[in-house]
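First the structure, in the form of structure tokens, and then the observations on it.
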Amino acid sequence: MRVLIINTAERTGGAAIAANRLMHALNSNGADARMLVRDRKTADDHVTSLPQSWRLRANFLWERGVIWLANGLSRQNLFQVDIANVGTDITSMDVFHWADVIHLHWVNQGFLSLQGLERIMAAGKPVVMTLHDQWYFTGICHYSGDCGKYQSQCSHCPMLKGGGIGVDLARRVFDRKREIYNGKPLAFVGCSRWIADLARKSPLTQGRLVTHAANAIDTDVFTPMDQQEARMRHHLPTDKRLILFGAQRITDERKGFRYLKEACEHLVQQAPELAGKMGVIVLGGDAEAVQSALPLPVYTVGYMSSEREIASLYNAVDLFVTPSLQDNLPNTIVEAMSCGTPCVGFNVGGIPEMITHWADGYVARYQDSEDFARGIVWCLDESRLDSLRQQARRTAMATYAEPIAASRYLDIYRSLLS
């Protein structure tokens with residue numbers, strides 16, 4: 001079976017990492033998978049990129065410009081929505097003709113347009129859409145938040161201020177997607193049961209296969225290692241309890257840094273003995289901007305592209321924390337658990353599907369920083385930390401190992417082909 005995985009980037013961002021890992025998982029488990037991207041990072045023979053030209057940059061800028069005008073000349077939420085008004089037609093490329101199945105992941109920011117999606121559907125090949133966010137079944141937003149308009153008819157998107165070009169972009173894009181999807185061999189696959197359940201509420205998915213499949217990870221790379229060796233490798237203190245917080249952009253409000261800050265303040269007040277022995281590792285963009293914001297020692301780590309280096313960092317810490325306010329199936333939790341590192345997160349999105357409360361981590365009440373602090377204290381208790389580590393690794397092996405993830409997607413491809 002020949003599978004073409006399509007994503008805007010090869011390795012940048014959570015969707016790109018998940019798509020790339022799935023390609024390798026499929027190739028290791030009986031399929032022939034390749035990847036088509038706009039932004040290439042490696043020389044992997046299985047990856048094809050668009051021919052580089054000024055048009056690619058122009059497409060990106062033109063789409064942002066239209067959104068900016070429709071948003072009353074405001075940059076607010078400029079990257080929270082996509083209208084797919086411009087993009088590249090990939091259906092004439094050799095790698096597209098080669099494929100039996102077209103597997104779309106995150107294709108926004110000027111890569112594929114609605115017209116491009118229509119041409120892909122018109123080619124008659126089975127199409128799988130992996131839901132890294134909500135965009136495929138809403139009008140223009142990636143995360144709808146408290147807005148439920150996508151469950152009937154997107155219009156007058158609350159993420160746009162209106163004005164400017166005087167066009168209801170959300171309604172126009174929603175209706176266009178409905179036309180494109182109509183009567184096509186198409187499946188929607190959520191990375192989590194949570195987002196699959198949201199997708200089933202949209203008129204755009206009615207009459208289609210809507211299911212879920214977890215992201216794949218190489219459990220031989222993300223594997224338990226000696227903690228002290230890992231700490232020395234990253235020049236981290238060997239005599240502290242270390243927790244790790246990471247995100248592509250630390251200052252992104254959706255990643256919830258303010259709740260980590262509040263949780264650390266609760267720790268200092270309510271568990272001063274433990275807090276005195278703790279440190280926080282911050283990994284990701286803008287990490288330096290928050291270095292002085294926590295009442296605990298902070299160690300910032302620069303950008304890491306090597307998976308083995310990232311795996312060793314997970315092994316260097318005692319706990320991974322993710323106070324995210326809305327998330328699907330974070331790769332960071334998958335990576336941490338595969339390394340045998342327990343996790344604390346809020347009861348939101350796909351996170352409670354990943355962390356088993358009181359078994360391999362702690363699921364805190366949503367936006368409750370005091371309960372989040374309570375979860376950190378509970379997980380760092382020496383009497384249970386080893387058992388949490390062992391269970392986290394078992395959970396990862398049973399859920400995210402490459403053969404399991406590949407098998408799930410192969411079943412979906414076969415169901416569409418038949």
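The values are calculated or read from the model by the stated rules, or taken from the named source; none is laboratory data. The structure displayed is predicted, hence computed values, not measured ones. Backbone-built Cβ (ideal geometry, glycine too); neighbour counts: all protein chains shown. Heavy atoms of the whole protein, side chains included, go into the accessibility calculation; ligands, DNA and RNA do not. Shrake-Rupley method; radii C 1.70, N 1.55, O 1.52, S 1.80 Å.
Here are the numbers:
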read-out: Potential extension, residue 303-residue 209 segment - 0.36 nm per residue separation minus Cα distance; value: 30.0 nm
read-out: Label-point separation in nm, residue 54 to residue 93, each point 7 Å along Cα→Cβ; value: 2.2
read-out: Listed residues 34, 374, 389, most fluctuating in the chain (Gaussian network, C-alpha, under 10 Å); value: 374
read-out: Rg/Rh for region 1-90, where both radii come from Cα atoms and Rh is the Kirkwood radius; value: 1.07
read-out: √(5λ) per eigenvalue of the Cα gyration tensor, region 77-136, largest first, Å; value: 21, 13, 9
read-out: Backbone HN-Hα couplings from phi across region 281-293 [Karplus 6.51/-1.76/1.60, Hz, Gly and Pro as x]; value: 9, 10, 10, x, x, 6, 4, 5, 5, 10, 4, 9, 8
read-out: Euclidean distance of C-alpha centroids, region 362-395 and region 265-292, integer Å; value: 16
read-out: Whole-Å semi-axes of region 112-204's equivalent ellipsoid (Cα gyration tensor); value: 22, 17, 10
read-out: DSSP-assigned coil residues among chymotrypsin sites (Phe, Trp or Tyr not before Pro) in region 260-368, each with at most 12 further Cβ atoms within 10 Å; value: 303
read-out: Rounded, prolate or oblate (a/c below 1.5 giving rounded, otherwise prolate when a/b exceeds b/c) for region 268-418 by Cα gyration tensor; value: prolate
read-out: Cα long-axis angle, helix 14-27 against the chain (0 to 90 degrees, to the nearest 10); value: 80
read-out: Listed residues 307, 335, 353, most fluctuating in the chain (Gaussian network, C-alpha, under 10 Å); value: 307
read-out: Translational diffusion coefficient (Stokes-Einstein; Kirkwood radius from C-alpha pairs) of region 44-200 at 4 °C, 1.567 mPa s, in µm²/s; value: 79
read-out: Over region 195-278, volume per residue of the alpha carbon convex hull, in Å³; value: 180
read-out: Helix 402-417 vs. the chain, principal-axis angle (Cα, 0 to 90°, nearest 10); value: 20
read-out: Ratio Rg/Rh, restricted to region 290-367 and using Cα atoms, in which Rh is the Kirkwood radius; value: 0.97
read-out: Percentage, to the nearest whole number, of Cα pairs in region 330-418 over 19 Å apart; value: 44
read-out: Convex hull per residue volume in Å³, alpha carbons only, for the chain; value: 136
read-out: Where labels lie 7 Å past Cα in the beta-carbon direction, separation of residue 28 and residue 286 in nm; value: 3.4
read-out: Lysines whose Cα lies under 29 Å from that of residue 125, excluding same-chain neighbours fewer than 8 positions away; value: 41, 177, 184, 201
read-out: Linear extension gain, residue 258 paired with residue 156, 0.36 nm per residue minus alpha-carbon span; value: 33.7 nm
read-out: In order through region 111-122: 3J(HN,Hα) via Karplus (6.51 cos²θ - 1.76 cosθ + 1.60), integer Hz, x for Gly, Pro; value: 7, 10, 9, 4, 5, x, 4, 4, 5, 4, 5, 5
read-out: Span from the region 74-121 Cα centroid across to the region 1-60 one, whole angstrom; value: 13
read-out: Residues of the chain: accessible area per residue with a 1.4 Å probe, Å²; value: 41
read-out: Cα-based helix-to-principal-axis angle, 54-70 vs the chain, degrees rounded to 10; value: 80
read-out: Percent carbon-and-sulfur accessible area, the chain, ignoring ligands, DNA and RNA, probe 1.4 Å; value: 48
read-out: For residue 41, distant residues with modelled amide H under 5 Å away; value: 10, 11
read-out: Candidates per GluC sites (Glu not before Pro) in region 161-258, loop by DSSP, up to 13 other Cβ within 10 Å; value: none
read-out: Derived scalar couplings ³J(HN,Hα) [region 139-151; Karplus, 6.51 cos²θ - 1.76 cosθ + 1.60; whole Hz; x for Gly, Pro]; value: x, 10, 8, 8, 9, 7, x, 8, 7, x, 4, 4, 6
